[in-house]
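Before any comments, here is the structure.
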Amino acid sequence: MASIWSHDPLLRARQARGKKGFLYLPSRDFRRTRRPPSTYPPIRFTISRRPTTVSRPKLTRFLQQSSADWIIYDFAPYWLPPIAAKLGISRAFFNAVNAWFLAFLGPSTALIDGSDPRTKLEDYTVTPNWVPFPCNLAHRYYEIKWIAENVQNITADVLDTYRLGSAIIGCDILATRDCHEYEPNWLRLLQDLNKRPVVPVGLMPPSVQDSMEETNDTWLSIRGWLHGQNKGSVVYVALGSELAPSQETLTELALGLELSGVPFFWALRNPPGSSESDSVQLPDGFKERTKGCGVVWTSWVPQLKILAHDSVGCFLTHCGWSSIIEGLQFGHPLVMLPFMVEQGLNARIFEKNQVGIEIPRDERDGSLRRNSVAESLSLVMSEDKGRIYQDKAREMKTIFGDKVRHDRKLLLPKLELGMSCRVLHSPYSYSCQDEVWLAGVVVFCPMVAVAEKLDFGDEPSAASEDAFVFASVESPE
């Protein structure tokens, strides 16, 4: 699934099973970067122009012809549930992040009618009053200010909050990338807020074997450097590919890494679509001074393979949900530097649980200081003072890294054409329905742009040559 926040979790699951009977509507993501061909899933993506209102009847005809039983979608095609409902197709909304993020936003009705009582930025810096249990879930002031100033709708003149609220209201079940073994209170609250069954479909931890080929020159070079480091001594630094830190932030981060004296591997890339003039620069002489102690890699890296290497002992992360899952599946404590959307909320949750620490920043403007970076790294990597974080992270490995457990939870690979199977079961007695039956053809519709009907053979890579392609089902406004 080419979803902005998900690191392709659904598509990865689909690829892993190679099941028949799936209709997949892939996402159009202009920010996707060039990667080794072996890392792409076996789905042929087709780019189409922005649709017009004629797309709606085309989509209706497509759904009628497909005889779909279920349609699984995310927030972008908010207009899709009423169409599916009229055709008698059951609807599952998929949340690619986590339950506490949606719960922090509040009831879906408030996202549509504007009844959210929070009217000032400061209102988002405290825990919402609808959270009935003690917690520290709130934005820093600089985080919510950034969100207010920078998060724009990427598809049309419809607010993303309205899309999200409409998408949830129109679903029969709300599937979320969570598990009841970690922070289950948020699953219960999310269900209470939205009056919909909430189904945790697992964390979808990726497989290292699928990340790239063993013989790839990039990995061989990186692995050679990692092999030369002591076990558990390296900090892996990666801040995602959606947002470039400011020059000031990058400078302080670099100098903090240098000041800490800890060996580091830094995956540093400009966001896709950024120009040369937008790129930020490392401090003068930084690479020379840290040569032998650190590596700055400015192209794509096999993150999973790096995190799986036994020389890595800590993950300095921007706190994207997928990155957190990838780090904790290998039991690495987190040093957290969140920037946007749900990342700050994730940092609050994991710091509260002592899985890592958040690098202190100025509460108002978010400015970073090199001493804070160095002190945070030294603390987490310390054999003595950092033991609590290291031990907690290792505990998390038993949850986040248990692929067998999460594969059992995952509903999507279990949906096969012509087979009825009980694939969704709520672990909570308060569920509005104890189980949901899914059968037949399932249509995936995540941030859709075009659709292809794929007939996979016995091998996942064997996509049919007569793939059925129809007009984009992006928002018809």
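What the table shows:
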{"read-out": "Efficiency of FRET from Cβ geometry, residue 147 and residue 221, R₀ 25 Å, rounded to 0.05", "value": "0.10"}
{"read-out": "Chain lengthening between residue 407 and residue 287 when straightened (0.36 nm per residue, less Cα-Cα)", "value": "39.0 nm"}
{"read-out": "Inter-site label distance for residue 158 and residue 230 at 7 Å from Cα along Cβ, in nm", "value": "5.7 nm"}
{"read-out": "Segment residue 136-residue 192, extension gain: residue separation times 0.36 nm, minus the distance between their alpha carbons", "value": "18.2 nm"}
{"read-out": "Protection proxy ranking, peptides 57-66, 297-306, average beta carbon neighbours within 10 Å, highest first", "value": "297-306, 57-66"}
{"read-out": "Computed FRET value (nearest 0.05) for residue 248 with residue 119, which takes r as the C-beta separation and R₀ as 30 Å", "value": "0.45"}
{"read-out": "Spacing of the two label points (7 Å from each Cα toward its C-beta) at residue 298 and residue 67, in nm", "value": "5.6 nm"}
{"read-out": "Among the listed pairs 305/385; 145/352; 352/392; 352/397; 195/403; 120/145, those beyond 21 Å (Cα-Cα)", "value": "305/385; 145/352; 195/403"}
{"read-out": "Charge sum, other residues only, whose C-beta stays under 9 Å from residue 258's C-beta, Lys/Arg counted +1 and Asp/Glu -1", "value": "+2"}
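Values quoted throughout were computed directly from the atomic coordinates according to the rules given, and no laboratory measurement underlies them. As the structure is a prediction and not an experimental result, all values here were calculated from the model. Note: ideal-geometry Cβ built from the backbone for every residue, glycine included; neighbour counts use all protein chains shown.
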